[in-house]
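> Pasting a structure here, questions to come.
The values are calculated or read from the model by the stated rules, or taken from the named source; none is laboratory data. Only a predicted model underlies this, so the values are computations on that prediction, with no experimental measurement involved. Please note: Cβ atoms are built from the backbone with ideal geometry, for glycine as well, and neighbour counts cover all protein chains shown. SASA here: full protein model, heavy atoms, side chains in, ligands and nucleic acids out. Shrake-Rupley method; radii C 1.70, N 1.55, O 1.52, S 1.80 Å.
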Amino acid sequence: MSRISKNVILVLLTLTSSAFLLFQLYYYKHYLSAKNGSGLSKSKESRIGFDGTQWRAVKKFIMLTSSQNVPVFLIDPLILELINKNFEQVKNTSHASSTSECKFFCVPRDFTTFALQYQLWKNEEGWFRLAENMGFQCLKVESKDPRLDWIDSLSGTEIPLHYICKLTSHAIHLVVFHERSGNYLWHGHLRLKGHIDRKFVPFRKLQFGRYPGAFDRPELQQITVDGLDVLIPKDPMHFLEEIPHSRFIECRYKEARAFFQHYLDDNTVEAMTFQKRAKELLQLAAKTLKKLGVRFWLSSGTCLGWYRQCSIIPYSKDVDLGIFIQDYKSDIISAFQDAGLPLKHKFGKVEDSLELSFQGKDDVKLDIFFFYEETDHMWNGGTQAKTGKKFKYLFPKFTLCWTEFVDTKFRVPCETIEYIEANYGPRPTLHTVGPAGKTAQHAEESLLVEC
C-alpha cells in the first residue's frame, strides 16, 4: 500500500474517532445528565455559572471532606453574608428545587473559607494525602500549642492551625479551630515560616489568620447552596458579628513563670480561698453580663494579675471590671441582685462618673468602672467615700481583645501595656511590684484630675 493511502486511512480513522467522541459527549450531556439531575450531577455544571472555577473547587473540596467524614463548616464572610441576606429562601432549598443559577459559590474571589473543630478530625494525614491525589496542592501551617506554654516540658508541641488547598486558580482556606477552657473555639495566627512559598496564594487577602481569634462554639445546620450540601452556623449573623471583634491575645505564661521565680506564689489558705471566691465571682459576673448583652473587660488589679502573673492577685481583695458607658443598661443592678450579688454602693450618675460595687461571698467585692470617651482619651470616675471628692482617671484610647483567664473567655484591652501603665505607672513597675505591696497610689495620682 502506498504512503499516500496509508496517510488517508490514518486521517479517516482519526476523524471517525473524533466524531464518535463528540457524539458520546453530546449524548452524556443531553440525555444521561438529564436522568441524573439531582445532587451534584453534571447537569448543574451546565447551568448558568456552574462551570466556574470557584464552584468546582468548592464541590471537589466538599466531596473530599464528605468521603473522609470531616465535619467542615462554611465561615467565609462574603458567602455567609449573601446567605444571611437570603436566609429564608436558602434554608428551604433542596436539590430538587435548587436554582438554575450559581449565586453564591461563583462570586469572584481568591479564597473560600471553611473551618473544622480539630478534636473531631480523626484522620488528618489520610485526608491530606487524598487531597493531593484529587489534584489539590496543599499547604499546612503549624505552630506551638499556646495551651501548653505553662508547662515547660510540653511548651514546644506543635499543632495544625491552617490548611490552604489550591485547585487551579482557586484556593480553599481551612481554619482549624481548637477547643479552649470555657467552651469556646480558638484559631491561631497564620505565620509563614521561612521555607513557605510566599507566592503560593495571595496570603494578604485571607480573612482569617492575621491574628489569633476566639469565637463562641456555633451550633451548625446543613443547607443546600448552589446544589452543594454545606454546614453553616445556625445563626450566621452572630458569627459574622463576631469576626471583626475576634482578636485573641494570650496570657504571658513565660513571663508569669519568671515572676513567680522572683516572687513566690502565696499558697496560704487565705490567699487560695480568696482566689477561689474571686474566680467564682468573675464567672458569675461574666454570665450575668452576657445575658444582658453588655460588653465588659478585666480592669485595674484584675487586669494586672492577668497580664503579670496569669492569675488573680491574692492580696487584691476585690474583682475589677470595666464597661463602656454607652453599653450601660438600666436593669444591670437588678440583674446582679437576681444573681445573688447585692449592691454595696453606687457612686456618680450615668451621665458622669458612674461606679457600681456588688458584694460577693466571703467579703469579696465586685467593682464595675464605667468608661467615658472623649476626643483623644477615655476616663472613668472615682469618688472619695469620706469627702465626696470626684476624680477622673485618664486612659489612652483602647480597643478590646479576647483572652483566657481562670478557665473563661474574657475581654481585655488590646493595648494592655498602655492601659496598665495608666493605672500603675511605667512598665518596669510590672516587674518590681511584688506581693509585699502595690505602688498604684502614687502612679494614679499623676494621671487623675480632680473635678
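> Could you compute the FRET efficiency for Lys389 and Tyr263, with r as their C-beta to C-beta distance and R0 at 30 Å, rounded to 0.05?
Details: r = 34 Å, r/R0 = 1.13.
The calculated FRET efficiency here is 0.30.
> If you count only protein heavy atoms with a 1.4 Å probe, what accessible area per residue comes out for segment 282-414, rounded to a whole Å²?
Numbers: 5510 Å² over 133 residues.
Computed with neighbouring chains in place, this is 41 Å² per residue.
> Mind jotting down the three principal axis lengths of segment 339-386 based on Cα atoms? Whole angstrom, largest first.
40, 25, 15
> Still on this structure: Dipole of segment 274-318, Cα-centred, from +1 at each Lys and Arg C-beta and -1 at each Asp and Glu C-beta, to the nearest 20 debye? All intermediate terms of the calculation are to be shown ahead of the outcome.
Values: 9 positive and 2 negative charges, 31 e Å.
For this selection, approximately 140 debye.
> Starting from 0.36 nm per residue, how many nanometres of slack lie between Arg217 and Thr375 once their C-alpha separation is accounted for? If you can, show how the numbers build up before the last one.
Numbers: separation 158, 0.36 × 158 = 56.88 nm, distance 3.63 nm.
53.2 nm is the gain from fully extending Arg217 to Thr375.
> Within 10 Å of each candidate Cβ there may be at most 15 other Cβ atoms; applying that plus a DSSP loop requirement, which trypsin sites (Lys or Arg not before Pro) in segment 323-424 survive?
Details: sites: Lys329, Lys344, Lys346, Lys349, Lys361, Lys365, Lys386, Lys389, Lys390, Lys392, Lys397, Lys409, Arg411; in loops: Lys329, Lys386, Lys389, Lys397.
Passing sites in segment 323-424 are Lys329, Lys386, Lys389, Lys397.
> Based on the alpha-carbon gyration tensor of segment 200-286 and its eigenvalue square roots a ≥ b ≥ c, which shape applies: rounded if a/c is under 1.5, prolate if not and a/b is larger than b/c, or oblate?
Numbers: a/c = 4.21, a/b = 1.95, b/c = 2.16.
Oblate.
> Another question about this same structure. For every other residue with a beta carbon closer than 12 angstrom to the beta carbon of Gln117, add +1 if it is Lys or Arg and -1 if Asp or Glu, then tell me the sum.
Details: positive: Lys122, Arg180, Arg217; negative: Glu179.
Around Gln117, the surrounding residues sum to +2.
> Give me the percent of accessible area attributable to carbon and sulfur for segment 102-195, probe 1.4 angstrom.
Details: 2050 of 4090 Å².
That fraction is 50 percent.
> Give me the net charge of Pro413's neighbourhood, meaning all other residues with Cβ under 13 Å from the Cβ of Pro413; Lys, Arg count +1, Asp, Glu -1. Intermediate results must be reported in sequence, preceding the final value.
Numbers: positive: Arg247, Arg295, Lys397, Arg411; negative: Asp320, Glu415, Glu418, Glu421.
Net charge around Pro413: 0.
> Between Glu158 and Gln68, what's the calculated FRET efficiency when r is the beta-carbon distance and R0 is 22 Å? Round to 0.05.
Values: r = 22 Å, r/R0 = 1.01.
According to the calculation, E is roughly 0.50.
> Further question: Want the number for Glu242 to Arg210: 0.36 nm per residue separation, take away the alpha-carbon distance, what's left? Walk me through the numbers on the way to the answer.
Values: separation 32, 0.36 × 32 = 11.52 nm, distance 1.51 nm.
Gain on stretching Glu242 to Arg210: 10.0 nm.
> Where in segment 304-321 does the amide nitrogen come within less than 17 Å of the point 7 Å from the Cα of Thr273, taken along Cα to Cβ?
314-318, by backbone N distance to the label point.
> Measure off 7 Å from each Cα along the Cα-to-Cβ vector at Lys329 and Glu101, then give the distance between these two points in nanometres to one decimal.
With each label placed 7 Å out from Cα toward Cβ, I get 4.1 nm.
> Give me the Kirkwood hydrodynamic radius of segment 141-254, using the inverse of the mean 1/r over all pairs of distinct Cα atoms, in Å to one decimal. Each step should come with its number before you reach the end.
On the way: mean 1/r = 0.0623 Å⁻¹.
For segment 141-254, the Kirkwood estimate is 16.0 Å.
> Could you tell me which of rounded, prolate or oblate describes segment 192-242, using a ≥ b ≥ c as the square roots of the eigenvalues of the alpha-carbon gyration tensor, with rounded for a/c under 1.5 and, failing that, prolate when a/b is larger than b/c and oblate otherwise? Working shown, then result.
Numbers: a/c = 3.13, a/b = 1.69, b/c = 1.85.
Note, shape of segment 192-242 comes out oblate.
> Please work out the average accessible area per residue across segment 81-202, using the 1.4 Å probe convention, and give it in Å². Intermediate values should be presented prior to the final figure.
Details: 5980 Å² over 122 residues.
With the other protein chains kept in place, segment 81-202 gives 49 Å² per residue.
> Once you wrap a convex hull around the alpha carbon atoms of segment 261-384, what is its projected area averaged over all directions, in nm²? Walk me through the intermediate numbers first.
Working: hull surface 34.7 nm².
Taking a quarter of the hull surface, the average projection is 8.7 nm².
> Additional query: Between Gln337 and Asp229, what is the FRET efficiency for a Förster distance of 56 Å, r being their Cβ-Cβ separation, to the nearest 0.05?
Details: r = 48 Å, r/R0 = 0.86.
Computed FRET efficiency for Gln337 and Asp229: 0.70.
> Work out the length of the dipole vector of segment 193-280 about its Cα centre, built from +1 on the beta-carbon of each Lys and Arg and -1 on the beta-carbon of each Asp and Glu, and round it to the nearest 20 debye. Before the final figure, lay out the partial values.
Values: 15 positive and 14 negative charges, 125 e Å.
Its charge dipole is roughly 600 debye.
> Restricting the count to DSSP beta bridges whose residues both fall in segment 312-402, what percent are antiparallel, rounded to a multiple of 5? Walk me through the numbers on the way to the answer.
Working: 19 of 26 bridges.
Close to 75 percent.
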